1. If I model region 74-166 as equal point scatterers sitting on the Cα atoms and use the Debye formula, what is log10 I(q)/I(0) at q = 0.16 Å⁻¹?
2. Under a 10 Å cutoff between Cα atoms, tell me which one of F60, F45, F31 has the largest fluctuation in the Gaussian network model of the chain.
3. Among R106, R92, R81, which one shows the biggest mean-square fluctuation in a GNM of the chain, springs joining Cα atoms closer than 10 Å?
4. Could you state how much accessible area L80 has, in square angstrom rounded to the nearest 10, with a 1.4 Å probe and all protein chains kept in place?
5. How much accessible area does Y35 have with a 1.4 Å probe, in Å² rounded to the nearest 10?
6. Ignoring ligands and nucleic acids, what accessible area does T91 show with a 1.4 Å probe (Å², nearest 10)?
7. With +1 assigned to the C-beta of every Lys and Arg and -1 to the C-beta of every Asp and Glu, and no other charges, what is the dipole magnitude of region 93-157 about the Cα centre in debye, to the nearest 20?
8. Could you pull out every whole DSSP H run in the chain that spans at least 15 Å of Cα extent along its own axis and averages -1.0 or higher on the Kyte-Doolittle scale?
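The values are calculated or read from the model by the stated rules, or taken from the named source; none is laboratory data. Keep in mind that this is a model prediction, so the values were computed, not measured. A quick note on method: Cβ atoms are made from the backbone with ideal geometry, for glycine too, and the neighbour counts reach across all protein chains shown. For the accessible areas, the whole protein counts, side chains as well, though only heavy atoms, and no ligand, DNA or RNA atoms are used. Shrake-Rupley method; radii C 1.70, N 1.55, O 1.52, S 1.80 Å.
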Amino acid sequence: MCSSDLRRIANIDAQNAQGRPPELVIQGIVFLSVYQFATLLGLAFVLWLALQLYPTKANFKTVLSVCSFAFLVLIPEAILRTPLVVAKETTRVYRGLAALLPFEWRGSPLFNLCEKLDIFSIWMVVLLMIGLPIAVGITKKQAVITVGYLWGVWLLGSMLLGNLMQ
């Protein structure tokens, strides 16, 4: 065996859940679930606040339900990402334009922007633009403007600040 094969085997062994206590695996699953729930609540709250600028006052539960349906996009994303993580033997798998950029650019503003522009985030934004007019009662134009501006601010912030939680 060559040294690269040994490194790959060591990398797989290091990521193997068999050697970790089940309590740590359960804690990880609970943490990720709480994190996704907090992200969902945060998105719904920001959208609800932005929709308060319109004459039609949106109900938070209604906005939360639209965001919940949009978050279902994370299921096919996870289904696609899991085999990619296994095949590449790393959790640094990029599904957006960042996959086309050199790995050395990781952390740069362009890389951060391209990492956030993937098909699943665009799909989620489109679902929010479709669902908000139906559920809340605003016009399609208002939904596109509101979601578009908020997504643009999020992209700009993540481009400049990067991934603070890594």
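1. The calculated log intensity ratios at q = 0.16 Å⁻¹ are -0.76.
2. Result for the chain, Cα springs under 10 Å: F31 fluctuates most.
3. Most flexible of the set in this elastic network: R92.
4. L80 exposes around 80 Å² with every protein chain in place.
5. 100 Å²
6. 90 Å²
7. For region 93-157, the charge dipole is close to 200 debye.
8. Both cut-offs are met by 3-15, 22-51, 60-71, 74-88, 119-136, 140-161.
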